[in-house]
Amino acid sequence: MSIDAAEFMQASVRTATPLALAAYGELVVERAGVINLGLEGAMIAGAFGALVGASAGGIGAGFAMAVVAGCAATLLMAWVVLWLRADAVIAGTAVTLLALGLTGTLYRALYGAQGAALSVPTLAPVAVPGLHQLPWIGPAFFEQPLATYALYAMACGLWWWLPRTHAGLALRATGERPDAALAAGISPVTVRAWALLFGGAMGGLAGGVLVLAQVGTFAEGMSAGRGFIAIAIVVLGRWSPVGVALAALLFGSASQLQYVFQSLGWPVPYQLFLALPYVLTLLVLAGTQRRAAAPASLGAPLDTAP
Amino acid sequence: MSDHALVLRAVSKQFGAVRALAGASLTVRRGTLHAVLGENGAGKTTLMRIAFGMMAPDEGEVEIDGRPVTLSSSAAAIALGLGMVHQHFTLVPAMSAAENIALGGRGRLDLGAVAEQVRVLSARTGLAVDPDTRVDALGVGAQQRIEILKALHGNARTLILDEPTAVLTPTESEELFGWLRRFVAEGGTAVLVTHKLQEALSVADDVTVLRRGERVLTARAAEIDIVTLVRALTGEDRAPETRVRTPRSQTVGAVVAQLTDVSVRDARGVLRVHQANVTCHAGEIIGVAGVEGSGVHELLRVLAGRLTPTAGTVSLPDTVGFVPEDRLRDAVIEDFSLSENFALRGAAARRGRMPWPELRAHTARAMAAHDVRAPSPDVRAGTLSGGNQQKFVVGREMENRPALVIAENPVRGLDLRATEHVLRELAASAASGSAVVIFSTDVDELLPLADRMLVTFAGQVREVPVVRDAIARALVGAA
């Protein structure tokens, strides 16, 4: 059978959208020097929040609740890591596990043990006049739900904000040398807290996109490791907004490729293709010389100030 | 306006069980260069951090330009016209000079405009800095100029410099002092924290000495002598002996270690040491000098057997003692007890069960022999003062009378007494037949010790006479 290239690219961008949203959140968090393994947790919390919000008040309320839920999950992370000075890897893992468990439990408590496919309205694709008629990339990039356009705005915004504002400079300095930031009158704790809050909001938004722009319902564990993939995207994207966009697109394509391979009817268990994005994640993490471009203080806790 | 740029009055600060400041005071007259002296732990840095708003005092008052202030952060101090150049630079290595200088501002960031301001400021003050170069590509002297420009860019009228010459070559130090004299002549005020007495006396207008968190002396530099200063610093009548040995005559012992045409490339392929030839003889002390990036650390690590060169032949004795510059990174583990740290040396050669009782007794003997003041071999290394940690490291490395001893900045940051002790140990080691190689960033430390002098510059190793001027010229590559 033939594969429609334009359709493939459109689906790739659709799949890449939540990944890129979460990755931009993580980019900001990592430029401040924190690795947020709670991103997966923020995402599933966001997905559940989207379900609750959308079934009560429509799509807008769904997105709002998604952001709130993502922030709530990450605030817990920020409090434990920045004020209680706990280890960020352990705290992030705990937040993710907690969010996965809690959303599953709440889902069953609120919507019944069967969790009978509760469906919520979803965002329809909106074509951008003119641009969507471009060959190949037109439908791929300019016939998408509004969430994808929000992503474009976010990417451009970050690309401008990081080098062109004092706040962006403060963020980068905090990730490189927190004591240098401190000496310049910047509070690294405050910077990292805001960065985590932003990362949580974006993670929540990404979870919301899964529910409100793609699936139209919630399922336990539906984030399915996308939070971790987003972290890998930041590494592959060399901590730069442009790099993250390209890396997200690569991962989106890899996810779509599994359907292509399945449709080819090769005599191979389809689970192998399902594993494709995750195998790619592993290869990326193992293969990149990540110290070269990474913020110098990434993962280093702040000194306990006397 | 008040005649005093900065006043700290009866300031106290407690860290847990340690009383860092016990009612210390400092009065800095406007338009003067004021040196603050004190041994390790005397409270110099704590007092300066309080003045700069980095920590709040438990008791006491701070006045800036005659007005009592409560500083909530260093941003507040900066807003009141203070600037601080920290001992360990607070620059972001991966950023340009302009980005570093812009750090702490608000709103939009126009790097081109900042770079232009830096060029103007640089031209006006004579502090040469290229705003677009990344900091990690610059030497320490240039980094320090960026720190000063950063403070001046924040409109600092009073500059606090914490041990600014610790990392500089003699020439760079002289340049800095020349600049500071001009700065105060034009109405600025500078506070110079140092432990170098001669430096304080020759460059400062006023001198304040702190001991155990209290002010013990403030005087005009022109009106006191070095003996008074030493007495105030140590609280003893006897000044510590600075001359610990007389350099040997030309009688040369057997060859202990030899490097022949040794070259070292680092992980990025940069040539760090180029065809170095070094011979160490039994019983001699070789002084080594070299600025950061000259290949001096690589050379010393090859001699210590910790780095395999990319080319050339190395012949080392079986036993080598190494006292590295950064002891907390390379010599001791803070969270290990002293016995455990002691056991680290030679750990690779041991097999099977650890003979703890034996090692513990051994550690206790070494502590007694090397004047390491700690309650027992079971305390964590991190609880010791810097001086005692260093005495412990030196003692451990000397334990089996190594044929070759390599010491990197062995007395950096130590107070007078610990310095004297460590230098005596090294001299005694040479007297007992070891070859001793001592690197120091402070050439004055080496002059009374060294039999021979090696100077590294741009990867080349050169032997020079043990004479201040000759060393100073070789440090910057001049003939």
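Values as computed for the structure displayed
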item: Test: residue in region B:320-331 that is part of a helix (DSSP H, G or I), at negative phi, crowded, with 21+ Cβ neighbours inside 10 Å and among the aliphatic types (A, V, I, L, M); result: no
item: Where a residue in region A:263-285 is among the aliphatic types (A, V, I, L, M) and its partner, wherever it lies, is outside any helix (DSSP H, G or I) and loosely packed, with under 14 Cβ neighbours inside 10 Å, with Cβ under 9 Å and at least six apart; result: A:LEU264/A:MET1; A:LEU264/A:ILE3
item: Sole exception among (1) away from chain B (no Cβ under 14 Å); (2) touching a residue at least 60 places away in the same chain (Cβ under 8 Å); (3) polar (S, T, N, Q) for A:GLN133, by number; result: (2)
item: Number of positions in region B:428-452 that are within 19 Å of B:ALA304 (Cβ to Cβ) and of a type outside the set (Lys, Arg); result: 14
item: Residue within region A:236-245 that is in a helix (DSSP H, G or I) and surrounded by fewer than 17 Cβ atoms within 10 Å (Cβ to Cβ) present; result: yes
item: Identity of the residue in region B:68-83, within 11 Å of chain A (Cβ to nearest Cβ) and of a type outside the set (A, V, I, L, M), that ends up farthest from B:LEU192 (Cα to Cα); result: B:SER72
item: Qualifying position, being within 14 Å of another protein chain (Cβ to nearest Cβ), in contact with a helix residue (DSSP H, G or I) (Cβ under 8 Å, 6 or more places away or on another chain) and of a type in the set (Ser, Thr, Tyr), among A:THR217, A:THR190, A:THR174; result: A:THR174
item: Condition met for B:ARG19 (within 22 Å of B:ALA156 (Cβ to Cβ) and surrounded by fewer than 19 Cβ atoms within 10 Å (Cβ to Cβ)); result: no
item: Selection status of B:SER2, of a type outside the set (D, E, K, R) and touching a residue at least 40 places away in the same chain (Cβ under 8 Å); result: yes
item: Verdict on B:SER339 being closer than 26 Å to B:HIS370 by Cα, among the polar types (S, T, N, Q) and not in a loop (DSSP other than H, G, I, E, B); result: yes
item: Identity of the residue in region B:385-402, surrounded by fewer than 20 Cβ atoms within 10 Å (Cβ to Cβ) and in a loop (DSSP other than H, G, I, E, B), that ends up modelled with the lowest pLDDT; result: B:SER385
item: Cβ-Cβ under 6 Å pairs, at least 6 apart or on other chains, region B:57-86 side without any contact (Cβ under 8 Å) to a residue 24 or more places away in the chain, far side aromatic (Phe, Trp, Tyr) and in a loop (DSSP other than H, G, I, E, B); result: B:SER74/B:PHE52
item: Residues of region A:146-180 satisfying the condition of being surrounded by 18 or more Cβ atoms within 10 Å (Cβ to Cβ) and outside any helix (DSSP H, G or I); result: A:ARG177
item: Filtered residues of region B:90-127 (kept if surrounded by fewer than 21 Cβ atoms within 10 Å (Cβ to Cβ), under 27 Å from the mean Cα position of the chain (by Cα) and at the interface with chain A (Cβ under 8 Å from one of its Cβ atoms)); result: B:PRO93, B:ALA94
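Every residue, every condition in (1) surrounded by fewer than 22 Cβ atoms within 10 Å (Cβ to Cβ); (2) out of contact with any strand residue (DSSP E or B) (no Cβ under 6 Å at 6 or more places or on another chain); (3) acidic (Asp, Glu), yes or no:
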{"position": "A:PHE63", "(1), (2), (3)": "no, yes, no"}
{"position": "A:VAL68", "(1), (2), (3)": "yes, yes, no"}
{"position": "A:VAL80", "(1), (2), (3)": "yes, yes, no"}
{"position": "A:ASP87", "(1), (2), (3)": "yes, yes, yes"}
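The values are calculated or read from the model by the stated rules, or taken from the named source; none is laboratory data. Everything quoted here is computed from the prediction, not taken from an experiment. Cβ coordinates were reconstructed from backbone atoms using ideal geometry, including for glycine residues, and neighbour counts include every protein chain displayed.
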